[in-house]
Amino acid sequence: MIISKLPNVGTTIFTRMSQLAMETGALNLSQGFPDFDGPLALRDAVGRHIAAGHNQYTAMTGLPALREQVAAKIGRCYGRTVSAETEVTITPGATQAIFCAIQALIRPGDEVIVFDPSYDSYEPSVELAGGRCIHVPLALPGFSIDWQRFSDALSDKTRLVILNSPHNPSGALISRAELDQLAMLIRGRDIYVLSDEVYEHLVFDGVSHTSVLAHEELYSRAFVVSSFGKTYHVTGWKTGYVVAPPALSAELRKVHQYVSFCGVTPLQWALADFMSEQPQHTEELPGFYQAKRDLFCGLLKDSRFSFSPTPGTYFQLADYSAIRDDLDDVAMSEWLTREHGVATIPVSVFYQQAPKDLRLVRFCFAKREDTLRQAAEKLCAI
């Protein structure tokens, strides 16, 4: 009889809601992926490199040309010079990068601070390493860090703090002042930082993304993770990267080489070409997704949902209290999918213990305009 190493883990809510959307024919605004393709030039480049014979293993750390492009982008965006050779590692998706960083650092008995609501892959990765997550709820309604609660959560067992900005599911952004506060609180302690920045280029209203890469003190003890899939509208390519100081990168690579060894070679060639030829893509992303956010929020303004436009990511939270206050958010998400043809994600699943009065669902607006219009029409009719 198998004794599960993850007894509390089942099928993720993202898979369940996407499956329910498929079964019911609902519009899928639940799982975070676009319903449109990535740039044509990027897709064409894949075929070109497959035809050119770039189909065997690449370097374990990632295709050198792609690592060079990542390093160049970091210099442009955050003013930091990183070594493509010793600090940049390409991985088969950001989730794998997060997993490898946690396995490299966490030992049995270690504690990892996560901020709730938090992405669902963090805790299982910590548990598999023998560690334990300490959940610190973000302060509502703005999903900001409660520094007193964070300080109280620190202990001699704290080994790692996981940040996520722009934040999934809320879209909240961390500020430079907050990074300074974190640095002050962990200064002189053997505590590391894992910064999940997969939505780094999806920040709106003229605000700039605040990256740990631009914070000298924190970067010296950090893994910073990002995603080509999110940035280039190709989530199914499952290609990401992690940037860390040489000593931390070396430890992560020890794990990575035995999890997947390397990422998919022709995809890395295509990404390297596209990043070199069209570096402006990342500069255009905020406006591209802000237009979708503004369209979706504008279409919902006459609905019975209440919300504030999200400051980042491609997710929009909405409070449904005025519609069905009798339903918790899981039941509400299922009701919206089955009865009104729009699939969404309940926010409570991102918590260890959600507030009892939480009435929030998460919509993904990384969709074509006609999809957003159809969804809004259905939601406004409720």
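The values are calculated or read from the model by the stated rules, or taken from the named source; none is laboratory data. Please read these numbers as outputs of a predicted model, since none were measured by experiment. Virtual Cβ from ideal backbone geometry, glycine too; neighbours counted across all protein chains shown.
When region 281-328 is filtered for residues that are among the β-branched types (Val, Ile, Thr), part of a helix (DSSP H, G or I) and within 25 Å of the chain's Cα centre (by Cα), only 282 remains. For region 241-266, give me each residue that is hydrophobic (A, V, I, L, M, F, W, C) and in contact with a Leu (Cβ under 9 Å, 6 or more places away or on another chain). Scanning region 241-266 gives 242, 243, 244, 248, 252, 262. Name the single residue that is surrounded by the fewest Cβ atoms within 10 Å (Cβ to Cβ) among those in region 67-100 being in a helix (DSSP H, G or I) and among the β-branched types (Val, Ile, Thr). Among them, the one singled out is 95. Residue 307 falls short on exactly one of the conditions (1) buried (at least 19 other Cβ atoms within 10 Å of the Cβ); (2) in the same structural domain as residue 350 (by TED's automatic domain parsing); (3) in contact with a strand residue (DSSP E or B) (Cβ under 7 Å, 6 or more places away or on another chain), and that condition is (1). Note on region 31-46: residues that are assigned to a loop (DSSP other than H, G, I, E, B) and surrounded by 13 or more Cβ atoms within 10 Å (Cβ to Cβ) amount to 7. Does residue 53 meet the test of being surrounded by 15 or more Cβ atoms within 10 Å (Cβ to Cβ), assigned to a loop (DSSP other than H, G, I, E, B), in the same structural domain as residue 125 (by TED's automatic domain parsing) and among the small types (Gly, Ala, Ser)? Taking the combined requirement at face value, the residue does not satisfy it.
Does region 353-372 include one or more residues that are hydroxyl-bearing (Ser, Thr, Tyr) and part of a loop (DSSP other than H, G, I, E, B)? Within region 353-372, not a single residue is hydroxyl-bearing (Ser, Thr, Tyr) and part of a loop (DSSP other than H, G, I, E, B). Is it the case that some residue within region 223-233 is among the charged types (D, E, K, R), touching a residue at least 12 places away in the same chain (Cβ under 8 Å), closer than 20 Å to residue 97 by Cβ and assigned by TED's automatic domain parsing to the domain that holds residue 44? Yes, the conditions are met somewhere in region 223-233. Residue count for region 180-218, restricted to those that are within 17 Å of residue 244 (Cα to Cα) and either crowded, with 17+ Cβ neighbours inside 10 Å or polar (S, T, N, Q) (or both): 17. Could we say that residue 30 is under 22 Å from residue 238 (Cβ atoms) and among the hydroxyl-bearing types (Ser, Thr, Tyr) here? Against the criterion (under 22 Å from residue 238 (Cβ atoms) and among the hydroxyl-bearing types (Ser, Thr, Tyr)), residue 30 qualifies.
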